[in-house]
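These notes concern the structure reproduced below.
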Amino acid sequence: MAAQFILPGGSSRQVAVFLAEATPARAGGERLSDLLNDSGSQFIPALDAETETMTFVHCENLAMARVAAEHEPNVVDPFNIPTEHEVEVRLTDGQRLRGLITYVLPEAHSRLTDYLNSAPSFFPILQEAGQVVLVNKKHVAYVETLRR
């Protein structure tokens, strides 16, 4: 699967990531978010598209990963209306990212801060161009809500 890995400071690499065809967590194949949020995997293998060399990426030092939305479908409970927030995320290195955060949490814990505190290490932001950016919380300075 094709992805763009973005490092602190903004440099990026186009890579191919190898995913399993099945996962015990749910029906369907493994997603990039599964790999990035797997606490047992510090390094993930990726094929650099430009140099065609194998690269082993240290997940903790990756600021963001961008993939086509079809590879990170937002599976929402059909019986609940999701909470959505249009946001701007500012990373500690100054990079900015705008998009939509969507989630379903119990009403008593459905604030954006509840989601951010309970979200996995890499949380998804949907962008207009049919892209999903998986943002590493360790590199986030702040998340600002935007008016629609």
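Having 1 or more residues that are acidic (Asp, Glu) and modelled with pLDDT of 95 or more is the bar; report the strands (runs of 3 or more DSSP E) wholly within segment 26-96 that clear it.
The qualifying strands (runs of 3 or more DSSP E) are 43-48, 83-91.
So ARG96 ticks every box in (1) open to solvent by less than 40 Å² (accessible area, probe 1.4 Å); (2) among the charged types (D, E, K, R); (3) under 20 Å from TYR142 (Cα atoms) but one. Which box is left unticked?
Unmet for ARG96, out of (1) open to solvent by less than 40 Å² (accessible area, probe 1.4 Å); (2) among the charged types (D, E, K, R); (3) under 20 Å from TYR142 (Cα atoms): (1).
What pairs come up if the first residue lies in segment 34-46 and is more than 18 Å from ALA16 (Cβ to Cβ), the second is assigned to a loop (DSSP other than H, G, I, E, B), and their beta carbons are under 8 Å apart, counting only those six or more places apart or on different chains?
ASN37/PRO120; ASN37/SER121
Here are some residues: VAL67, VAL140, VAL89, VAL132. Which one is in contact with an Asp or Glu (Cβ under 7 Å, 6 or more places away or on another chain) and surrounded by 13 or more Cβ atoms within 10 Å (Cβ to Cβ)?
Within the list VAL67, VAL140, VAL89, VAL132, the selection yields VAL132.
If you take the residues in segment 122-136 that are within 18 Å of LEU91 (Cα to Cα) and polar (S, T, N, Q), which one is modelled with the lowest pLDDT?
GLN127
The values are calculated or read from the model by the stated rules, or taken from the named source; none is laboratory data. Worth saying up front: this structure is predicted, and the values here are computed from it rather than measured. Glycine also receives a Cβ, built like all others from the backbone with ideal geometry; neighbour counts cover every protein chain displayed. When the accessible area is computed, the model is the full protein with side chains, heavy atoms only, and any ligands, DNA or RNA have been set aside. Shrake-Rupley method; radii C 1.70, N 1.55, O 1.52, S 1.80 Å.
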